[in-house]
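The values are calculated or read from the model by the stated rules, or taken from the named source; none is laboratory data. All values reported here derive from a predicted model rather than from experimental measurement. So basically every Cβ, Gly included, is an ideal-geometry build from the backbone, and we count neighbours across all protein chains shown.
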Number of protein chains: 2
Amino acid sequence: MGALQGDGSPRRNRQVVLARRPKGLVDVGCFEEVETDVPPLGPGEALLEVRYLGIDPTIRGWLDERGNYMAGVAIGEVVRSNGVGVIVETNNPDEYPLGRAVMALTGWQTHRVLAPNEFPPVTVLPEGTRMLDVLNVLGHIGVTAYLGVNEVAKPGPGETFVVSAAASGVGSIAGQIAKLRGARVIGIAGTPEKCAWVVDDLGFDACIDYKREDVAARLKELAPQGVDVYFDNVGGELLDVVLRRLALRARVVLCGDISTYNLEGPPPPLHNVRHLMGKRARMEGFNTLDHWDRYGEAAAQLARWVAEGRIRHREHVITGLGRAPEALVRCFTGDHLGKLVVEVTPGPEAR
Amino acid sequence: MGALQGDGSPRRNRQVVLARRPKGLVDVGCFEEVETDVPPLGPGEALLEVRYLGIDPTIRGWLDERGNYMAGVAIGEVVRSNGVGVIVETNNPDEYPLGRAVMALTGWQTHRVLAPNEFPPVTVLPEGTRMLDVLNVLGHIGVTAYLGVNEVAKPGPGETFVVSAAASGVGSIAGQIAKLRGARVIGIAGTPEKCAWVVDDLGFDACIDYKREDVAARLKELAPQGVDVYFDNVGGELLDVVLRRLALRARVVLCGDISTYNLEGPPPPLHNVRHLMGKRARMEGFNTLDHWDRYGEAAAQLARWVAEGRIRHREHVITGLGRAPEALVRCFTGDHLGKLVVEVTPGPEAR
């Protein structure tokens, strides 16, 4: 079986590839669109038609030659990205059933050939799953928040939980899970709209606008007994400010470092790490990739909470594969609420 | 019962008190000796004749107005210090039996009135315990090493364990416990004599002389797969160097920050904390005070190891209460091996 269209000609794959490496803030000139034939499927393979791409800050790290926890993308290579799509051809109906929706590292392209037994695993979605949800609350964004809060941060009832990038996918869900555990939740975000969303719609107890307020002073006011958990998505100077306000036996979860991803030089040094010793506090790097065995359990619990209305989520959808670069820039310039998603191929929801 | 000598006159208590706060490196001019009457004992109290003082770096923090994990010592107040001595009078024979040796926060003085149920607890030593041992391997120095290694660092067989201030009380014992757990142990110390002691006498696999060698280059050579555990007693620039060399899922135990205790300004900022995220590593402040419930178990295991010759230890004894200030300065200038101790009152070992 080959990857043919109805008229017998090969299907075409549109891709956005890395044209040059970004220096400092990523810009749309770093990318270009190319079009190639979809290759014939080999044994065990299947063809995915990509519907949506998750635009995650971590993509920025993959654009540098050194990469981050995964290798850097080569010049001319399709940009690595999480995505969801529908299986439109298959030589492997057990693993990849025709017509089913799956989540995979699709890359920024319209079509993706799936190999058998990939790692990170390709997830065939339960029937009836909303594809957009899987790029946010029911996928690795939600699971990152779930495991970071429940396995590392472990806020207890009455503890003060602070989360940065509070209106982002991970931040907004992490804060809500901490609320479900009984914590007092304080967000940190960069616009009045974001602060209003997490407090008014998501039920956070407070939110600090770090661009307009003195974070140190506000934290002192909002958390006079200190911060028990800091769920950090941004790193840099904000991390340093919060380190000064830690409570005894505080936990700092280093989940993201978004403030530094676009720096040309090294990130700013931290002055307040020594407070970890006085406070017998813990700071820990966290990556969901280390916890794949817990993925199913986390996603199932998140699905229950979403169904019960206990976790709310929001996607900011930008339409058109060609706008993926623009979406990535917005990831860092920050004028969006919730999870940024690119709609690649409009179409009906898969089974 | 009062605190009287044989001739009926009150006993005299010689004390070393804080005369002025140190600026930068502590010096002997910060202290003065005073002599007072030992007050009559109240109900439940006992009188301790102090034999030995443990000269711990943490004392330096108590000399600053803000203190550290305990409050600062006031001007004119006796310098706070761990010590051991013998009960020479008692109104509380159940808690404080006459003639028995005890460990307590004695302070720098010849006599100390013990109140009932003190916290931190006064420890009545098992009969036959060598008093010096209790200020080192069998006391909070050994217990700090034991719990820091076994409860926080948890090095596994074949893992690389790096310890700073390797020839200090805590450092030398921590390294040996890590060896007993099967780790490869690399010390960091400041003289060739210290390095020779921990390698030749204590069995460390290697030791880096940080004053004469390039620590980053030597670590790369000695730990090409990275550092799995860093047991840090010094903080500052050495910590920053080791953070760059962490292995995946490394643990950094912040046990001491001795390089910064005598700084007039803030400690140097750290540039390499972000590696915790990439390496999914953990950095944690540790203080034995939080683990009093484990003290007896730890001390008992240490006593077995010492009896079996599996843990070696060394005390550097300076004689005379009046030399306690000089001993504290040596704690930081560093020309000693093992645990610094001041012998206050020469005399036979207690029961």
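Only one of B:280, B:310, B:304 is surrounded by fewer than 16 Cβ atoms within 10 Å (Cβ to Cβ) and either small (Gly, Ala, Ser) or over 28 Å from residue B:121 (Cα atoms) (or both). Can you tell me which?
None of the others qualify; the one that does is B:310.
Condition test on residue A:251, is it closer than 30 Å to residue B:70 by Cα, of a type in the set (Lys, Arg) and touching a residue at least 60 places away in the same chain (Cβ under 8 Å)?
Against the criterion (closer than 30 Å to residue B:70 by Cα, of a type in the set (Lys, Arg) and touching a residue at least 60 places away in the same chain (Cβ under 8 Å)), residue A:251 qualifies.
I'd like the full set of residues that are within 14 Å of another protein chain (Cβ to nearest Cβ) and surrounded by 15 or more Cβ atoms within 10 Å (Cβ to Cβ), limited to segment B:291-301.
Result: B:291, single match.
Residue under question is residue A:304, and the condition is that it be among the charged types (D, E, K, R), without any contact (Cβ under 8 Å) to a residue 60 or more places away in the chain and within 11 Å of another protein chain (Cβ to nearest Cβ); does it hold?
no
When you go through B:270, B:276, B:289, B:302 one by one, which is the residue that is more than 30 Å from residue B:248 (Cα to Cα) and among the aliphatic types (A, V, I, L, M)?
B:302
Can you name the condition, by its number, that residue A:324 falls short on among (1) modelled with pLDDT of 95 or more; (2) within 14 Å of another protein chain (Cβ to nearest Cβ)?
Only one criterion is unmet by residue A:324, namely (2).
Scan segment A:329-336 and tell me whether some residue there is in contact with a helix residue (DSSP H, G or I) (Cβ under 6 Å, 6 or more places away or on another chain) and modelled with pLDDT under 85. Walk me through how you get there before you give the answer.
Start the filter on segment A:329-336 by keeping residues that are in contact with a helix residue (DSSP H, G or I) (Cβ under 6 Å, 6 or more places away or on another chain), which leaves A:336.
Cutting the leftovers down to modelled with pLDDT under 85 gives us A:336.
Yes: segment A:329-336 contains one or more residues that are in contact with a helix residue (DSSP H, G or I) (Cβ under 6 Å, 6 or more places away or on another chain) and modelled with pLDDT under 85.
Inside segment A:118-161, can you point out the residues that are outside any loop (DSSP other than H, G, I, E, B), farther than 17 Å from residue A:56 by Cβ and among the charged types (D, E, K, R)? Before you say what the answer is, go through the steps one by one.
To start, the set of residues in segment A:118-161 that are outside any loop (DSSP other than H, G, I, E, B) comprises A:123-124, A:131-134, A:140-153, A:160-161.
Now narrow it down to the ones that are farther than 17 Å from residue A:56 by Cβ: A:124, A:149-153, A:160-161.
Residue satisfying the conditions is A:151 alone.
Inside segment B:260-280, can you point out the residues that are in contact with a helix residue (DSSP H, G or I) (Cβ under 9 Å, 6 or more places away or on another chain), at the interface with chain A (Cβ under 7 Å from one of its Cβ atoms) and among the aliphatic types (A, V, I, L, M)?
B:270, B:273, B:276
State whether the residues of segment A:56-71 include one that is without any contact (Cβ under 8 Å) to a residue 12 or more places away in the chain and within 26 Å of residue A:315 (Cα to Cα).
Yes, some residue in segment A:56-71 is without any contact (Cβ under 8 Å) to a residue 12 or more places away in the chain and within 26 Å of residue A:315 (Cα to Cα).
Residues being out of contact with any Phe, Trp or Tyr (no Cβ under 8 Å at 6 or more places or on another chain), closer than 19 Å to residue A:208 by Cβ and facing chain B (nearest Cβ under 9 Å): count how many of those fall in segment A:247-256.
Taking segment A:247-256 and keeping what is out of contact with any Phe, Trp or Tyr (no Cβ under 8 Å at 6 or more places or on another chain), we get A:247-249, A:256.
Still in the running and closer than 19 Å to residue A:208 by Cβ: A:247, A:256.
Narrowing the set further to residues that are facing chain B (nearest Cβ under 9 Å) leaves A:256.
Of the residues in that region, 1 qualify.
Of the conditions (1) outside any loop (DSSP other than H, G, I, E, B); (2) more than 17 Å from residue A:116 (Cβ to Cβ); (3) β-branched (Val, Ile, Thr), residue A:87 clears all except one; give me its number.
(2)
So is residue A:108 out of contact with any helix residue (DSSP H, G or I) (no Cβ under 9 Å at 6 or more places or on another chain) and closer than 27 Å to residue A:233 by Cα or not?
So residue A:108 does not fit the description; no.
What single numbered condition from (1) under 20 Å from residue A:140 (Cβ atoms); (2) at pLDDT 95 or above; (3) in contact with a Phe, Trp or Tyr (Cβ under 9 Å, 6 or more places away or on another chain) fails to hold for residue A:283?
Failing condition for residue A:283: (1).
If you go through segment B:221-263 one residue at a time, how many are within 22 Å of residue B:154 (Cα to Cα), out of contact with any Leu (no Cβ under 8 Å at 6 or more places or on another chain) and not in a strand (DSSP E or B)?
Residues meeting the conditions: 11.
Conditions (1) surrounded by 16 or more Cβ atoms within 10 Å (Cβ to Cβ); (2) without any contact (Cβ under 8 Å) to a residue 40 or more places away in the chain; (3) away from every other protein chain (no Cβ under 14 Å), marked per residue:
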site	(1), (2), (3)
B:171	yes, no, yes
B:212	no, yes, yes
B:234	yes, no, no
B:242	yes, no, no
B:245	yes, yes, yes
B:258	yes, no, no
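Could you count how many residues in segment A:175-210 are surrounded by fewer than 21 Cβ atoms within 10 Å (Cβ to Cβ), hydrophobic (A, V, I, L, M, F, W, C) and not in a helix (DSSP H, G or I)?
1
Going by the structure shown, is residue A:74 among the small types (Gly, Ala, Ser), touching a Leu at 6+ places or on another chain (Cβ under 8 Å), surrounded by 18 or more Cβ atoms within 10 Å (Cβ to Cβ) and in a loop (DSSP other than H, G, I, E, B)? Let's see the steps before the verdict.
Details: among the small types (Gly, Ala, Ser): yes; touching a Leu at 6+ places or on another chain (Cβ under 8 Å): yes; surrounded by 18 or more Cβ atoms within 10 Å (Cβ to Cβ): no; in a loop (DSSP other than H, G, I, E, B): yes.
Considered against the rule, which asks whether it is among the small types (Gly, Ala, Ser), touching a Leu at 6+ places or on another chain (Cβ under 8 Å), surrounded by 18 or more Cβ atoms within 10 Å (Cβ to Cβ) and in a loop (DSSP other than H, G, I, E, B), residue A:74 comes out as no.
Hey, residue B:311 hits all of (1) β-branched (Val, Ile, Thr); (2) under 20 Å from the mean Cα position of the chain (by Cα); (3) within 14 Å of chain A (Cβ to nearest Cβ) but one; which does it fall short on?
(3)
Among the residues of segment B:217-230, are any of a type outside the set (Asp, Glu) and within 19 Å of the chain's Cα centre (by Cα)?
Yes, segment B:217-230 has at least one match.
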